[in-house]
Structure formats: structure tokens, C-alpha cells
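Data first, discussion second: the structure below is written as C-alpha cells.
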Amino acid sequence: MTIKAGLVGLGKIARDQHLPAIEKTGGIDLIAVASRNAQGEGVNNYPDLSAMLASEPDMDAVILCQPPQVRYQAARQAIMAGKHVFLEKPPGATVSEVEALIALAKDKGVTLYASWHSRYAAAVAQAKAWIAPRAIERIAIQWREDVRHWHPGQPWIWEAGGFGVFDPGINALSILTEIVPEPVTLLSASLEVPANKDAPIGAALQMATASGAPVEAVFDWRQTGPQTWDIAVEAGGGSLLLSEGGNTLRLDGEVQLKAPDEEYPAMYRRFVGLVADKAIDADIAPLRLVADAFLCGRHCPTTAFED
Ligand code: NAP
């Protein structure tokens, strides 16, 4: 069976990644787009999800690419209509929303896929395999990027529920919670919030593995020049460095793997498989760490930031 899919929210990630990835993936076709401002090419277009659901009774799945603040209601509506749902990351603005969606998807017997694209970066599986037999000594994450370059014209990202610097930072946490074979808990955090914004521009997190190894993370949106998306792991007397957001792997300083980004095609292959089994894949571990940072973190006001 080929999945007939409709996509909601024709913004940056939908255009940059979802449309080309769907095109490349067997077993799924895009038949419709719901957008308030744009038109998809070669598909039926609707102003919103309600109109798309009403006019596309044969649609099997809905892909949600809007900001997290509006994802829950849309996901709920799609699941209630019996559709399989693909959620962009983060899967919701709150943990309680995502838990409610998991319960609803189970009840309705549909697939719910909380996608974490960074987990599909080329070197993540190899990093996980290297860490598995070793005792972790420490982990240090540096996720520093230029918000003006990566998120221009996205007011939602600075609003409550938009996550601020945790929008990219949660990608690091999605890799962390994939490659570490035991629970990671948050010990403390500090969040730098510009005077004119609701969400942080910088954050520092102190975490620990269940065995007690320290895990530190620094997220910063003020980095100009070279960008940094690194996770360094010391384990069993050796060192591992995942860089380029998980697409390059160094072991003891030697490059082992450097591959282009193929994260979204891999996610669509996963989605096709999940729908065939009507299965749910919705890990909230990365979102839980972000929620814990907001719960426990010290809020440190900082100077206004114009993006
Ligand atoms: P974006 O360019 O702002 O696009 C989001 C789209 O959602 C908008 O174009 C709009 O689509 C719709 N939308 C915006 N505000 C809305 C609102 N208040 N209510 C309903 N719909 C709204 O954002 P994006 O970069 O694509 O990010 C969307 C999601 O993808 C976020 O959760 C983000 O974390 C995730 N993501 C982004 C990237 C990236 O590099 N940008 C990478 C990975 C994941 P219409 O005009 O079509 O209605």
C-alpha cells in the first residue's frame, strides 16, 4: 500500500527537507497541503487541516510541520479522524500534550511518529555502538549557532512554547538520549532570557547518567563565524567526538566517518514501516529534559536581542 499523505505548514523545514524526502521515499505520496499562506505544487491545496480532512477522505496520514505551539490541536484532530500522524520535532509544546497524543493514538489504533531528525544523522548509530560496552566517564555538549542565520523571520521561536535556544538544543538532547544506554537526569540549569523575549537565547545544563557520569551542555544562539554542534564523550579510557550535528565521528582524534545529511529520507523510511505496522514511535526523553531545565533552571535576564 502507498500511504497518501497530507502536509500541514508549508514553511522552511517542509520545503527544505520534507518535500524532497517524500519525493525520494517509496511507499508514500504527498497528495495534499494545508497552508494559510502558500501553495504546494502538484497537490490539492487547502487553507487548513479541517478543510483538508473534509475533502480528502482517502488520505491515510498527516505530516505536521507547524511550530510546536499549535501542533497538539492539529495532531489530536488528525488522530480523531483516524489518520496516522508524523510530528516534526519537538513533538509538542509540553510533555502532557505528547503523552495525551500517545494515549489517543493507541486508543484509535493509528501510528504516531515523534520524529527526532538528529537521531538519524550518519554517525549516531556508530557512536551508540562504540559507547555501549564502555563505562562513560563524562560527556560535554556544545551546540552554538547563529539564530539570525538559521531562524530569520520566525517570531514563534522566541515566544513561550517556542523553546528559544532549546529548539536546536533539543536536537543534541535527542542524540544524547539515543546514544547513552541508561537514563540521563537533569541536576541544574541556567537560562539566559533576553529582556524583549519570552524564550532563552542561551542555556547551560548540568546532567548526569544513572551511573553518575557528569553530562554538561551549553546551548548558545549568539555564535557567529563557524558553527558548533558537538558531543564529546570520554568512555573506557577512549574519546569520541560527534560533530556536524552527528554526521561526523572521530574516535581518539581520528575521523572514522564523515557523511552528508540524509536524516529526513531515513525518517520517512521509518514512518512507512511504522504505518505498515500501525505502530507508535514517540520517545519523550529529549522533551522531558527540556521541560526539566525550564522547571529547575535559574532564569537569568540578559540584554535585549534584535533578530
Ligand atoms: P517556519 O518556517 O516558521 O514554518 C512553520 C510553518 O507553520 C509556517 O510557514 C506556517 O505555514 C505554519 N505556521 C506558522 N505559525 C503558525 C501558527 N501560529 N499557527 C499555525 N501555523 C503556523 O518554521 P520551520 O523552521 O519550518 O519550523 C517548523 C518546525 O520544524 C519547528 O518545530 C522546528 O523546530 C522544526 N524544524 C525546523 C528546522 C529548521 O531548520 N528550520 C529543522 C528541523 C526541525 P503556512 O504558512 O503554510 O500555514
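In whole angstrom, note down how far apart the Cα centers of segment 12-27 and segment 47-109 are.
Value for the Cα centre distance between the two parts: 18 Å.
Can you spot the lysines whose alpha carbon is less than 18 Å from LYS4's alpha carbon? Ignore those fewer than 8 places along the same chain.
LYS24, LYS83, LYS278
Classify segment 80-232 from the C-alpha gyration tensor, please: rounded if a/c falls under 1.5, else prolate or oblate depending on whether a/b exceeds b/c.
oblate
Tell me the carbon and sulfur percent of the accessible area for segment 3-114, rounded to whole percent, probe radius 1.4 Å.
47 percent
Where the only charges are on Cβ atoms (+1 Lys, Arg; -1 Asp, Glu), what is the dipole of the chain about its Cα centre, to the nearest 20 debye? It would help to have the intermediate numbers written out before the result.
Numbers: 26 positive and 37 negative charges, 72 e Å.
For the chain, the charge dipole is close to 340 debye.
Counting only the heavy atoms of the protein chains, how much of SER55 is accessible to a 1.4 Å probe, in Å² to the nearest 10?
For SER55, the solvent-accessible surface is approximately 70 Å².
On a 1.4 Å probe surface of the protein chains, which of TRP221, TRP229 comes out largest in accessible area, and what is the full order? List each step's numbers first, then the result.
Details: TRP221 0, TRP229 50 Å².
Result, largest first: TRP229, TRP221.
Among VAL33, GLN69, LEU49, which residue has its Cα furthest toward the positive end of the charge dipole of segment 3-114, with +1 on Lys/Arg Cβ and -1 on Asp/Glu Cβ?
Of the options given, the answer is GLN69.
Round to a whole angstrom and tell me the spacing of the C-alpha centers of segment 221-299 and segment 168-194.
If we compute the Cα centre of each part, the gap is 10 Å.
So, by mean Cβ neighbours within 10 angstrom, what's the order for 180-187, 268-275, 166-173, 236-243 with the highest one leading?
Details: 180-187: 15.5, 268-275: 19.6, 166-173: 25.2, 236-243: 17.2.
Listed from highest to lowest mean packing, they are 166-173, 268-275, 236-243, 180-187.
So how do LYS24, LYS83 rank on accessible area, 1.4 Å probe, biggest first, that is with the largest at the start?
Details: LYS24 130, LYS83 20 Å².
The ordering from most to least exposed comes out as LYS24, LYS83.
The values are calculated or read from the model by the stated rules, or taken from the named source; none is laboratory data. Note that the structure is predicted; figures quoted are calculated from it, not measured. As a convention, Cβ positions derive from the backbone with ideal geometry for all residues, glycine included, and neighbour counts pool all protein chains shown. SASA here: full protein model, heavy atoms, side chains in, ligands and nucleic acids out. Shrake-Rupley method; radii C 1.70, N 1.55, O 1.52, S 1.80 Å.
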